[in-house]
Amino acid sequence: MKTTISARELTTPREWVQNVWDGLFTTLAGMRITGRYLLRKPITIQYPDERMPIPDRYRGIHYLEQEKCINCLACARACPIDCIEMDAIRHGKELEWVSFSVDYQKCMFCELCVYPCPKDCIHMGTEFAFVTEDRSELKHDLLSFKGMSRDARVRKKEAEEKKAAKAAAKEAKAAAKEAQAASGDQPKEEGDDG
Amino acid sequence: MATEHKPSITFHPEPRNLPGGEREYMMDVSTSDLEVNMGPQHPATHGVMKILIRTDGELVTAAQPHLGFLHRCAEKIGENVEWLQYLPYTDRYDYLASMNNNLGYSMAVEKLLDVEIPQRAVMLRMICVELNRIASALVAFGTYGLDLGAITPFLYAFREREWLLMIFEKICGARLTYSYLRIGGVFNDAPPGWLEEVSHFCDVFEEKWQEYYDLLMVNHIFVKRTADIGVITKEQALDFGLTGPMLRGSGVDFDLRRDVPYLRYKEAYDAGAWKVPVGSGEKGTVGDCWDRIFVRVQEMMESLSLVRWCLENIEEGPIIGDIAKTLKVPPGEAYVGIENPRGELGHYAVSDGGKVAVRCRVRGPSFCNLAILEDIMPGTLLGDAVAIIGSTDVVIGETDR
Amino acid sequence: MAALPIALNAAQAALEVASSEGGNLTLDLLKQYAPESVPAWILPLTAAAVSVGIVVAVIALLALTSVWLERKVSGHIQCRYGPMYAGGWHGWAQSIADGIKLLMKEDMIPLGADRALFVIAPALVLGAIFGAFVAMPLSPDFFFADLHLGAFFILGMSSLTTIGVVMAGWASNSKWSLYGAMREAAQVVAYEIPLGLSLMVPLIVAGTFNLLDASAGQSDWWGMGWYIFKNPFVLPAGLLFFVSSLAETKRAPFDLPEAESELVAGFLTEYSGIRWSFFFMEEYAAMYLMSLMAAVFFLGGFESPFLHFAKAAELPVIVCNLIAAVTLITKSMIGVIVMMWVRWTLPRVRIDQVMTMGYKYLTPLALLCVLGAALWEAGKVLIFE
């Protein structure tokens with residue numbers, strides 16, 4: 001068997017002296033460097049007390065601008081591991097939110113969900129610590145409210161009223177037409193009796 | 001590698017007659033080799049790799065790497081997700097050089113797409129890839145010191161790496177799994193002040209490099225631990241298909257960036273911005289551990305001058321080419337090999353014109369480089385075995401994928 | 001179990017003190033203030049018990065301090081702070097907190113281990129090193145055993161720890177532990193020689209094995225008559241002693257028995273909790289012991305200009321003793337810090353290089369130093385007398 005241990009070869013006196021000299025000299029050179037750092041102020045910081053600045057582009061826990069979101073599923077489709085799930089009931093133009101969750105057991109913070117968003121409403125935040133005692137809690141709901149927002153409810157109500165009024169008007173119109181057809185040449189009577 | 005079990009003490013059947021009429025019984029004490037599982041949980045294997053070594057005392061007589069503890073089916077995933085969706089997975093095989101992995105995969109898909117990359121994107125790619133190469137070499141250097149028992153150089157190396165990671169964090173938001181280079185360009189443009197910070201880093205790093213060199217590379221103990229150890233000859237290196245610093249450490253002047261040029265490396269090389277460091281056997285034989293690690297340490301400086309060249313030549317412009325939101329890649333196949341910090345990282349992609357790859361194959365440099373361990377480890381001491389494993393600079397995420 | 005060797009050492013110390021002819025500060029004080037009714041044989045025993053209590057406390061305190069110091073030194077060398085929380089000021093209570101944690105840990109013995117040896121080994125290691133401290137004076141008038149062969153006794157006791165380490169490696173029933181134990185045995189055998197030889201050089205200059213006499217021999221030149229200044233061969237011998245003592249105490253770059261990147265943790269692989277901390281304490285106590293030896297035989301012992309002028313001013317004996325003790329501990333502390341500094345700078349040497357260094361480099365150099373020192377002393381005698 002071929003051995004590659006150099007120390008088994010004989011050492012000449014010249015090499016012997018060279019080894020002693022090199023050993024001493026390079027050790028002292030190394031100790032000079034480490035000794036210089038020994039007297040310098042450390043560069044680390046005391047973490048929980050002081051923290052490094054987190055850059056704007058940091059890819060942390062998502063946050064959602066729920067008002068803008070239109071439940072188009074573009075982010076969920078872009079996700080390589082299908083960790084985004086969303087569900088909303090559509091009332092005309094308004095959305096009644098049921099859920100919008102990111103499963104952080106799976107999420108690998110690749111930011112691919114952010115780019116395809118047509119409304120630019122899902123972002124990655126600067127929060128990185130997300131600790132729970134139970135795995136199921138890692139499925140994080142991004143919604144700030146469930147159901148509909150107050151504005152949306154007002155808008156929906158307005159829209160419904162408008163719709164109802166429209167429907168009522170239509171109905172009344174139809175009824176009037178019918179009445180007209182039934183009574184022949186009698187003039188139309190509007191239904192405000194109060 | 002079955003051990004032969006012999007009784008440890010055997011008596012010779014025939015006693016020997018001594019002149020005085022006495023009889024002497026001869027006894028033979030045989031020792032059997034000790035089989036040791038180095039790993040999967042061992043500080044020197046840089047991850048979950050197992051090396052089954054057989055030792056005669058301190059002498060290693062046989063060694064066999066066992067792989068596959070970290071297999072995550074990366075290639076199969078590549079055949080099941082969309083082209084762009086595979087990008088984050090490429091981060092995860094060589095997690096110390098994610099930018100380079102992104103680049104390799106992007107270039108393979110771009111070859112199929114036949115799309116032109118804007119010049120600014122090319123330069124940003126080059127800067128990021130080279131900075132990542134420095135970060136990777138810093139880990140290689142630091143952990144090599146750690147393998148040999150020097151703990152302080154590791155922390156010095158990580159100090160500079162930390163800065164690099166912060167630089168990456170500023171441009172793409174992640175510290176390790178960047179997913180920054182994308183098919184057709186890059187995801188984000190450099191934020192304001194970023195290029196200046198990179199330039200500042202280059203200036204500071206030069207001094208620190210000298211410190212690494214003085215503290216560890218020329219230290220007599222370090223030299224004696226690595227010179228003439230684990231020698232890979234030129235022929236062996238070529239036979240085993242080694243690439244990257246392993247190959248250059250053995251004295252073969254081959255670098256994909258120069259010899260199979262991509263991006264603007266050739267232009268930079270012709271402008272004299274960088275050289276290809278090759279092992280010269282300065283402290284021992286050509287192709288020993290010292291040469292391999294010194295090639296990596298020199299590559300840091302070459303990458304640094306490449307970054308400087310890029311900073312001089314970068315210009316304003318778009319950062320992404322004409323790429324559809326949902327990629328449909330024309331049918332065909334493409335292989336692109338790039339120079340990863342550990343060697344040739346090849347991506348082979350086959351498309352049938354759909355949204356998902358038909359075949360996505362990765363040639364991992366660590367995997368190919370690891371095969372030589374079985375040949376160079378026998379005949380060394382246990383301490384050398386650690387030095388040799390360290391000098392291959394494997395990333396287990398990449399060998400197993 | 002750990003109490004047994006300590007008790008044995010205490011008994012031995014008691015015997016030594018009882019047989020010595022006074023001079024021990026504790027014994028003197030007791031003799032002075034004890035009532036007449038107390039039987040005479042109780043006094044030496046009480047003095048011994050008090051002395052052993054003090055020395056165990058002092059060593060434990062020094063070990064705890066130096067663990068903290070090591071972490072601070074390594075931290076600052078590596079551009080970080082080291083412990084900062086426990087106790088408030090720069091994490092001074094970190095070692096105490098660690099000790100409590102180690103005490104609370106589960107006492108684990110591997111299934112295939114040799115239980116008896118596994119349990120005895122840490123106690124033996126710690127007991128041996130405490131035993132070595134018996135011959136180490138803390139100040140000119142405060143000591144436990146004024147042995148005529150003190151230096152010899154200390155070297156002998158400190159190499160007893162090797163047996164404990166080999167025992168631990170064998171009893172653990174782990175291949176890594178076995179490697180560590182074998183390395184320790186080979187290494188200590190190789191380094192006993194240069195260690196002893198390099199210590200021979202100041203012994204030749206001092207002309208005594210007794211630590212007190214050796215220290216007192218350096219009191220001339222206003223307390224600066226240290227042996228390294230008295231003979232040109234003592235300084236290189238001191239360097240050799242330092243290197244050999246690194247190997248003897250298993251400190252980096254000679255930490256091959258542990259070699260955390262090669263042998264996982266060497267002979268400590270299977271140990272945890274308080275048993276592990278016994279080995280740890282032993283390492284630091286041995287560092288102190290070697291530094292104290294170096295301080296006594298190379299760096300002037302108790303002697304310094306402070307002690308010289310204190311004596312000249314005829315300050316009370318207790319003050320002089322205090323100054324002497326502080327001087328000695330400061331000198332040894334410097335040695336310990338340099339040991340740490342070296343540890344955090346150098347990579348580890350390989351096992352065959354350890355052997356080569358011991359046999360081919362340190363031993364011949366130490367022999368040269370011994371020869372040179374002897375010739376120098378003989379020449380001095382021939383020329384001046």
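If you scan region B:231-270, which residues turn out to be under 23 Å from B:VAL395 (Cβ atoms), among the hydroxyl-bearing types (Ser, Thr, Tyr) and part of a helix (DSSP H, G or I)?
Within region B:231-270, B:TYR265 is the sole residue that qualifies.
Results for (1) of a type in the set (Phe, Trp, Tyr); (2) under 17 Å from A:VAL98 (Cβ atoms); (3) open to solvent by 60 Å² or more (accessible area, probe 1.4 Å), shown as yes or no for each residue.
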| site | (1), (2), (3) |
| --- | --- |
| A:MET124 | no, no, no |
| A:PHE128 | yes, no, yes |
| A:ASP134 | no, no, yes |
| A:GLY147 | no, yes, no |
| A:ASP151 | no, no, yes |
| A:ARG155 | no, no, yes |
| A:GLU158 | no, no, yes |
| A:LYS163 | no, no, yes |
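Name every residue in region B:60-90 that is open to solvent by less than 30 Å² (accessible area, probe 1.4 Å) and at the interface with another protein chain (Cβ under 8 Å from one of its Cβ atoms), in order of residue number.
Hits for region B:60-90 are B:VAL81, B:GLN85, B:TYR86, B:LEU87, B:PRO88.
Against the condition within 21 Å of B:ASN188 (Cα to Cα), touching a His at 6+ places or on another chain (Cβ under 6 Å) and either away from every other protein chain (no Cβ under 12 Å) or modelled with pLDDT of 90 or more (or both), how does B:ALA108 come out, does it pass? Can you show your working first?
Numbers: within 21 Å of B:ASN188 (Cα to Cα): yes; touching a His at 6+ places or on another chain (Cβ under 6 Å): yes; either away from every other protein chain (no Cβ under 12 Å) or modelled with pLDDT of 90 or more (or both): yes.
For B:ALA108, the condition - within 21 Å of B:ASN188 (Cα to Cα), touching a His at 6+ places or on another chain (Cβ under 6 Å) and either away from every other protein chain (no Cβ under 12 Å) or modelled with pLDDT of 90 or more (or both) - is met.
When you look at B:VAL223, is it within 13 Å of chain A (Cβ to nearest Cβ) and open to solvent by less than 30 Å² (accessible area, probe 1.4 Å), yes or no? Talk me through it step by step, then tell me what you get.
Numbers: within 13 Å of chain A (Cβ to nearest Cβ): yes; open to solvent by less than 30 Å² (accessible area, probe 1.4 Å): yes.
Considered against the rule, which asks whether it is within 13 Å of chain A (Cβ to nearest Cβ) and open to solvent by less than 30 Å² (accessible area, probe 1.4 Å), B:VAL223 comes out as yes.
Residues of region C:303-323 being over 26 Å from C:VAL67 (Cβ atoms) and of a type in the set (A, V, I, L, M, F, W, C), which ones? Walk me through how you get there before you give the answer.
Step one: filter region C:303-323 for residues over 26 Å from C:VAL67 (Cβ atoms), giving C:303-321, C:323.
Residues satisfying the conditions are C:PHE306, C:LEU307, C:PHE309, C:ALA310, C:ALA312, C:ALA313, C:LEU315, C:VAL317, C:ILE318, C:VAL319, C:CYS320, C:ILE323.
Give me the pairs, please: first residue somewhere in region A:32-54 and at the interface with chain C (Cβ under 7 Å from one of its Cβ atoms), second residue anywhere and open to solvent by 60 Å² or more (accessible area, probe 1.4 Å) and in a loop (DSSP other than H, G, I, E, B), beta-carbon distance under 6 Å, and either six or more positions apart or on two chains.
Filtered contacts from region A:32-54: A:PRO42/C:ARG80; A:THR44/C:ARG80.
Go through the residues of region B:140-155 one by one and say whether even a single one is under 18 Å from the mean Cα position of the chain (by Cα), away from chain C (no Cβ under 14 Å) and over 20 Å from B:GLY317 (Cβ atoms).
Yes, region B:140-155 contains a residue that is under 18 Å from the mean Cα position of the chain (by Cα), away from chain C (no Cβ under 14 Å) and over 20 Å from B:GLY317 (Cβ atoms).
Might you let me know whether region A:11-20 holds any residue that is in contact (Cβ under 8 Å) with a residue 40 or more places away in the chain and either more than 30 Å from B:VAL60 (Cα to Cα) or buried (at least 16 other Cβ atoms within 10 Å of the Cβ) (or both)? Walk me through how you get there before you give the answer.
Taking region A:11-20 as the starting set, the residues that turn out to be in contact (Cβ under 8 Å) with a residue 40 or more places away in the chain are none.
No, region A:11-20 contains no residue that is in contact (Cβ under 8 Å) with a residue 40 or more places away in the chain and either more than 30 Å from B:VAL60 (Cα to Cα) or buried (at least 16 other Cβ atoms within 10 Å of the Cβ) (or both).
Which residue out of A:LYS106, A:LYS146 is within 14 Å of chain B (Cβ to nearest Cβ) and touching a residue at least 24 places away in the same chain (Cβ under 8 Å)?
Details: A:LYS146 fails: within 14 Å of chain B (Cβ to nearest Cβ).
Step by step, each of A:LYS106, A:LYS146 is checked, and only A:LYS106 is within 14 Å of chain B (Cβ to nearest Cβ) and touching a residue at least 24 places away in the same chain (Cβ under 8 Å).
Inspect region B:122-132 for any residue being within 22 Å of B:ARG308 (Cβ to Cβ), touching a residue at least 12 places away in the same chain (Cβ under 8 Å), more than 14 Å from every other protein chain (Cβ to nearest Cβ) and open to solvent by 10 Å² or more (accessible area, probe 1.4 Å) and give the result as yes or no.
Yes, region B:122-132 has at least one match.
Which one of these is within 27 Å of the chain's Cα centre (by Cα), under 30 Å from C:PHE302 (Cβ atoms), open to solvent by 50 Å² or more (accessible area, probe 1.4 Å) and hydrophobic (A, V, I, L, M, F, W, C): C:LEU126, C:LEU103, C:LEU69, C:LEU64? Quick ask: steps written out before the conclusion?
On the way: C:LEU126 fails: open to solvent by 50 Å² or more (accessible area, probe 1.4 Å); C:LEU103 fails: under 30 Å from C:PHE302 (Cβ atoms); C:LEU69 fails: open to solvent by 50 Å² or more (accessible area, probe 1.4 Å).
Checking each option against the conditions leaves just C:LEU64.
Open to solvent by 30 Å² or more (accessible area, probe 1.4 Å), among the small types (Gly, Ala, Ser) and either farther than 25 Å from B:VAL139 by Cβ or within 13 Å of chain A (Cβ to nearest Cβ) (or both): does that describe B:SER32? Before the answer, list the steps.
Details: open to solvent by 30 Å² or more (accessible area, probe 1.4 Å): yes; among the small types (Gly, Ala, Ser): yes; either farther than 25 Å from B:VAL139 by Cβ or within 13 Å of chain A (Cβ to nearest Cβ) (or both): yes.
Taking the combined requirement at face value, the residue satisfies it.
Based on this model, can you work out whether B:LEU18 counts as touching an Asp or Glu at 6+ places or on another chain (Cβ under 7 Å), over 25 Å from B:ALA150 (Cβ atoms) and free of Cβ contacts under 8 Å to residues at least 12 places away in the same chain? Show your work before the answer.
On the way: touching an Asp or Glu at 6+ places or on another chain (Cβ under 7 Å): yes; over 25 Å from B:ALA150 (Cβ atoms): yes; free of Cβ contacts under 8 Å to residues at least 12 places away in the same chain: yes.
For B:LEU18, the condition - touching an Asp or Glu at 6+ places or on another chain (Cβ under 7 Å), over 25 Å from B:ALA150 (Cβ atoms) and free of Cβ contacts under 8 Å to residues at least 12 places away in the same chain - is met.
Would you mind listing the helices (runs of 4 or more DSSP H) fully within region C:21-131 where at least 1 residues are within 14 Å of chain B (Cβ to nearest Cβ)?
Values: elements: C:25-33, C:42-77, C:94-104.
Where helices (runs of 4 or more DSSP H) fall fully within region C:21-131 and carry at least 1 residues being within 14 Å of chain B (Cβ to nearest Cβ), they are C:42-77.
For region C:204-240, how many residues are open to solvent by less than 70 Å² (accessible area, probe 1.4 Å), hydrophobic (A, V, I, L, M, F, W, C) and closer than 11 Å to C:PHE298 by Cβ?
8
Go through (1) outside any loop (DSSP other than H, G, I, E, B); (2) in contact (Cβ under 8 Å) with a residue 60 or more places away in the chain and name the single condition C:LEU256 misses.
Condition not satisfied by C:LEU256: (1).
Hey, any hits in region C:159-177 for a residue that's in contact with a helix residue (DSSP H, G or I) (Cβ under 8 Å, 6 or more places away or on another chain), in contact (Cβ under 8 Å) with a residue 40 or more places away in the chain and under 16 Å from C:MET293 (Cβ atoms)?
yes
Please determine, by comparing only the residues of region B:166-186 that are of a type in the set (A, V, I, L, M, F, W, C) and in contact (Cβ under 8 Å) with a residue 12 or more places away in the chain, which one is nearest to B:ASN100 (Cα to Cα).
Narrowing region B:166-186 to residues of a type in the set (A, V, I, L, M, F, W, C): B:166-168, B:171-172, B:174, B:176, B:181, B:183, B:186.
Right, trim to in contact (Cβ under 8 Å) with a residue 12 or more places away in the chain and you get B:167-168, B:171-172, B:176, B:181, B:183, B:186.
Details: B:ILE167: 16, B:PHE168: 13, B:ILE171: 16, B:CYS172: 14, B:LEU176: 12, B:LEU181: 9, B:ILE183: 13, B:VAL186: 13 Å.
The extreme case among them is B:LEU181.
Looking only at region A:21-47, which residues are open to solvent by 100 Å² or more (accessible area, probe 1.4 Å) and outside any helix (DSSP H, G or I)? Explain how you work it out, then say what you get.
Within region A:21-47, the subset open to solvent by 100 Å² or more (accessible area, probe 1.4 Å) is A:21, A:25, A:28, A:32, A:39-41, A:43, A:47.
Residues satisfying the conditions are A:LEU39, A:ARG40, A:LYS41, A:ILE43, A:TYR47.
Please list, ordered by residue number, the helices (runs of 4 or more DSSP H) wholly in region C:292-385 having 1 or more residues that are open to solvent by 10 Å² or more (accessible area, probe 1.4 Å), more than 14 Å from every other protein chain (Cβ to nearest Cβ) and under 20 Å from C:THR208 (Cβ atoms).
Details: elements: C:305-312, C:317-343, C:351-356, C:363-384.
It comes to C:317-343, C:363-384.
So, B:ASP228, is that one in a loop (DSSP other than H, G, I, E, B) and within 14 Å of another protein chain (Cβ to nearest Cβ) or not? Working first, answer last.
Working: in a loop (DSSP other than H, G, I, E, B): yes; within 14 Å of another protein chain (Cβ to nearest Cβ): yes.
Taking the combined requirement at face value, the residue satisfies it.
I'm trying to understand the selection: among the residues of region C:171-184, which are closer than 19 Å to B:GLU35 by Cβ and more than 14 Å from chain B (Cβ to nearest Cβ)?
The answer is C:SER172, and nothing else.
Give the residues of region B:165-209 that are over 15 Å from B:LEU124 (Cα atoms), more than 12 Å from every other protein chain (Cβ to nearest Cβ) and under 22 Å from the mean Cα position of the chain (by Cα), sorted by residue number.
B:PHE205, B:TRP209
(1) touching a residue at least 24 places away in the same chain (Cβ under 8 Å); (2) closer than 25 Å to A:ARG59 by Cβ; (3) not small (Gly, Ala, Ser): which one isn't true of B:PHE158, the others all being true?
Going through (1) touching a residue at least 24 places away in the same chain (Cβ under 8 Å); (2) closer than 25 Å to A:ARG59 by Cβ; (3) not small (Gly, Ala, Ser) one by one, B:PHE158 breaks only (1).
Could you run through region B:285-311 and say how many residues are small (Gly, Ala, Ser) and open to solvent by less than 30 Å² (accessible area, probe 1.4 Å)? Steps first, answer last, please.
Initial filter on region B:285-311 (small (Gly, Ala, Ser)): B:287, B:303, B:305.
Still in the list and also open to solvent by less than 30 Å² (accessible area, probe 1.4 Å): B:287, B:303.
Counting residues in region B:285-311 that are small (Gly, Ala, Ser) and open to solvent by less than 30 Å² (accessible area, probe 1.4 Å) gives 2.
The values are calculated or read from the model by the stated rules, or taken from the named source; none is laboratory data. Remember, predicted model here, so these are calculated numbers, not experimental data. Every residue, glycine among them, receives a Cβ derived from its backbone with ideal geometry; neighbour counts consider all protein chains shown. Ligands, DNA and RNA are stripped out before the accessible areas are found, and what is left, the full protein with its side chains, is counted by its heavy atoms. Shrake-Rupley method; radii C 1.70, N 1.55, O 1.52, S 1.80 Å.
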